[in-house]
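The values are calculated or read from the model by the stated rules, or taken from the named source; none is laboratory data. Quantities reported herein were computed from a predicted structural model and do not represent experimental measurements. Note: ideal-geometry Cβ built from the backbone for every residue, glycine included; neighbour counts use all protein chains shown.
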Amino acid sequence: MNRVVITGLGIVSPLGKNVAEVTARLRTGHSAIGPITTIPTDGLITTIGAEVRDFDPAAYFADKQLALLDRCAQFSLVASREAIAQSGLSFRDGLGQRTATIIGAGVGGMVTLDESFHRVYAEGAKRIHPLTIPKFMISAAMSHITMEHGITGPSFTVASACASANHAIGVAFHMVRSGSVDVAVTGGTEAVFTFGTIKGWEALRVMAPDTCRPFSRNRSGMVLGEGAAIMVLEDRARAQARGAEILAEIIGFGMSSDAMDIVLPSATGAASAMRACLADARLTVEEVGYINAHGTGTVANDVTETKAIHTVFGDHARKLAVSSTKSMHGHALGASGALELAATVMALRDGFIPPTANFIEADPDCDLDYVPNEAREAQIAVAMSNSFAFGGHNAVLAIRR
Amino acid sequence: MDTENDIIDIVAKQAKADRATLKRDTHLSELDLQSIDIIELIFAIEDKFDISVPYNANDLNSAGISFETIGNLVDAVERLTAEQHAQKAG
């Protein structure tokens, strides 16, 4: 089995439009949650979110290409450019066939779908743009990455709600580890700020009116985010042979299903996925220094996740640093696992632990070290990143510096 | 009272409970209601009375409104209806 390393990383996030910007803001504990500005909010109860602000598509795409690109595909293409440029790889010289493109997305082209339905049903349009279908299909973002970079190996999109990106990265990890491919371009993308979508989220009654306060007492729910993070995975021997810069090594991936409830999480299922990840990585619990939590800021998730961490880590749980970067970049749904793994990679690389922002008061039921409000300087060697999705789909990745 | 009867109807339907057993002081926690049922209950109430109920699943005392008993629901609905329909008229 090959060892698998990350040789390229690209991010478009509410915290910034490249890795350097995002990392700097993670380090300051800056929260990008604020009033929603990309759509009108009259008639919405939820008027806050973590948006990618000042994103000018014309700065990145010519008109002809832009006509095909939903907002989520725009994000992932920009992120893929940064990641692939950093890797230094070119796919058109034969490497393409030995490269997989596996991207996670929770819903895909929602902005396009929303606009198109509005035209048909509300405006009574007799026809809509001919490229509507190829634009909104959930696999489109992934398609454009293969097209732009000339990648001709296996390619598909993975969907599992809030765990989509971790699952995508995990599958890509498996394929490089097994030698099916030498390289994988993977990650996740999501862009769902539309009036109708927010109405849907409000109806679930889990949206925070003020901000996202994971693990804090009196937390009041989640805040939507958006964005994309793309990474290049490579067979370690190959990366070393060509002198590539190695950002981190992916050492394990664990999965499980709760088989329980369509929205409520299960501590048993979460613990099972974390254990599976530790076993896959051949790690003892004492070796893990930091967990990037799923930490959505809902009463349900944060308590359940805390219990699961206690169950898996035992006495070592109290020595762990656990933080939720959703407090800073919001819940980006199908992109969240990728944004969060990216944050974890940069944290290990640059020697800091991103904080849980907006933390006011400790909740007696959430009693771990959540690194409240301020980033901490620390050289962490091994970290995990959790995603626990609606429907009970748990996916956990482990990386080593 | 109409409001009380309507609410008991809605709760009975969602909880699949015998309507005759439901009273003002019945605790919702005594009924077979999962968290999804509570959300659907609130949705049915909003639809029926054309009001917006500030219920947040993370906070059992949303905006000072308690959702523990059927009586609490009835009082909340009457208050919200008065507030919100007066706003519309005014």
### Query
Applying the selection to the range A:280-301, what residues are among the aliphatic types (A, V, I, L, M), more than 14 Å from chain B (Cβ to nearest Cβ) and in contact with a Leu (Cβ under 8 Å, 6 or more places away or on another chain)?
A:285, A:288, A:291
### Flag for residue A:43 being touching a Gly at 6+ places or on another chain (Cβ under 6 Å) and not aliphatic (A, V, I, L, M)
no
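Residue-by-condition table, conditions (1) within 14 Å of another protein chain (Cβ to nearest Cβ); (2) in contact with a strand residue (DSSP E or B) (Cβ under 8 Å, 6 or more places away or on another chain):
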site	(1), (2)
A:173	no, yes
A:181	no, yes
A:191	no, yes
A:195	no, no
A:200	yes, no
A:207	yes, yes
A:210	yes, yes
A:222	yes, yes
### Summary
Scanning the range A:108-143 for residues that are under 19 Å from residue A:52 (Cβ atoms) and either of a type in the set (Ser, Thr, Tyr) or not assigned by TED's automatic domain parsing to the domain that holds residue A:185 (or both) gives A:112
### Message
For the range A:92-114, give me the residue count where each residue is without any contact (Cβ under 8 Å) to a residue 40 or more places away in the chain and either of a type in the set (D, E, K, R) or over 24 Å from residue A:164 (Cα atoms) (or both).
### Response
2
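Let's see how each residue does on (1) within 14 Å of another protein chain (Cβ to nearest Cβ); (2) among the hydrophobic types (A, V, I, L, M, F, W, C):
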| position | (1), (2) |
| --- | --- |
| A:232 | no, yes |
| A:247 | no, yes |
| A:256 | no, no |
| A:260 | yes, yes |
| A:266 | yes, no |
| A:273 | no, yes |
| A:278 | no, yes |
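One line per residue, one yes/no per condition, for (1) among the charged types (D, E, K, R); (2) at positive phi; (3) at pLDDT below 90:
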position	(1), (2), (3)
B:7	no, no, no
B:11	no, no, no
B:18	yes, no, no
B:68	yes, no, yes
B:76	no, no, no
B:82	no, no, no
B:86	no, no, yes
#### Entry: Test for residue A:228: is it within 14 Å of chain B (Cβ to nearest Cβ) and among the small types (Gly, Ala, Ser)
no
### Query
Out of (1) away from chain B (no Cβ under 14 Å); (2) touching a strand residue (DSSP E or B) at 6+ places or on another chain (Cβ under 6 Å); (3) farther than 22 Å from residue A:187 by Cβ; (4) surrounded by 22 or more Cβ atoms within 10 Å (Cβ to Cβ), what's the single condition that is false for residue A:312?
(2)
### Task
Return a yes/no flag: does the range A:382-401 have any residue that is touching a Gly at 6+ places or on another chain (Cβ under 8 Å) and either among the basic types (Lys, Arg) or free of Cβ contacts under 8 Å to residues at least 60 places away in the same chain (or both).
no
### Task
State yes or no: is residue A:215 at negative phi, touching a residue at least 60 places away in the same chain (Cβ under 8 Å), more than 12 Å from chain B (Cβ to nearest Cβ) and in contact with a strand residue (DSSP E or B) (Cβ under 7 Å, 6 or more places away or on another chain)?
no
### Message
So residue A:251 ticks every box in (1) in a helix (DSSP H, G or I); (2) in contact with a Lys or Arg (Cβ under 9 Å, 6 or more places away or on another chain); (3) touching a residue at least 40 places away in the same chain (Cβ under 8 Å) but one. Which box is left unticked?
### Response
(1)
### Message
Tally up the residues in the range B:42-60 that are under 18 Å from residue B:14 (Cβ atoms), more than 8 Å from chain A (Cβ to nearest Cβ) and at pLDDT 90 or above, please.
### Response
7
### Task
Just need a number here: residues in the range A:99-151 that are among the basic types (Lys, Arg) and buried (at least 20 other Cβ atoms within 10 Å of the Cβ).
1
### Task
List the number of the failed condition for residue A:334; all other conditions in (1) crowded, with 23+ Cβ neighbours inside 10 Å; (2) more than 15 Å from residue A:386 (Cβ to Cβ); (3) more than 12 Å from the chain's Cα centre (by Cα) hold.
(3)
### Query
If we scan the range B:61-81, do we find a residue that is within 11 Å of another protein chain (Cβ to nearest Cβ), within 30 Å of residue A:295 (Cβ to Cβ), in contact with a Pro (Cβ under 9 Å, 6 or more places away or on another chain) and not polar (S, T, N, Q)?
yes
### Query
Cβ-Cβ below 7 Å, separation at least six or inter-chain, first residue in the range A:269-291 and in contact (Cβ under 8 Å) with a residue 12 or more places away in the chain, second of a type in the set (Ser, Thr, Tyr): which pairs?
A:269/A:256; A:269/A:257; A:270/A:304; A:271/A:311; A:272/A:256; A:273/A:256; A:276/A:256
### Task
Can you tell me which residue among A:188, A:200, A:153 is more than 23 Å from residue A:237 (Cα to Cα), small (Gly, Ala, Ser) and without any contact (Cβ under 8 Å) to a residue 60 or more places away in the chain?
A:200
### Task
Could you pull out the residue among A:89, A:66 that is over 20 Å from the mean Cα position of the chain (by Cα), closer than 25 Å to residue A:151 by Cβ and touching a residue at least 40 places away in the same chain (Cβ under 8 Å)?
A:89
## Note on the structure
The condition from (1) out of contact with any Asp or Glu (no Cβ under 9 Å at 6 or more places or on another chain); (2) surrounded by 22 or more Cβ atoms within 10 Å (Cβ to Cβ) that residue A:243 misses is numbered (2)
### Query
Can you tell me how many residues in the range B:31-41 are at pLDDT 90 or above and away from chain A (no Cβ under 14 Å)?
1
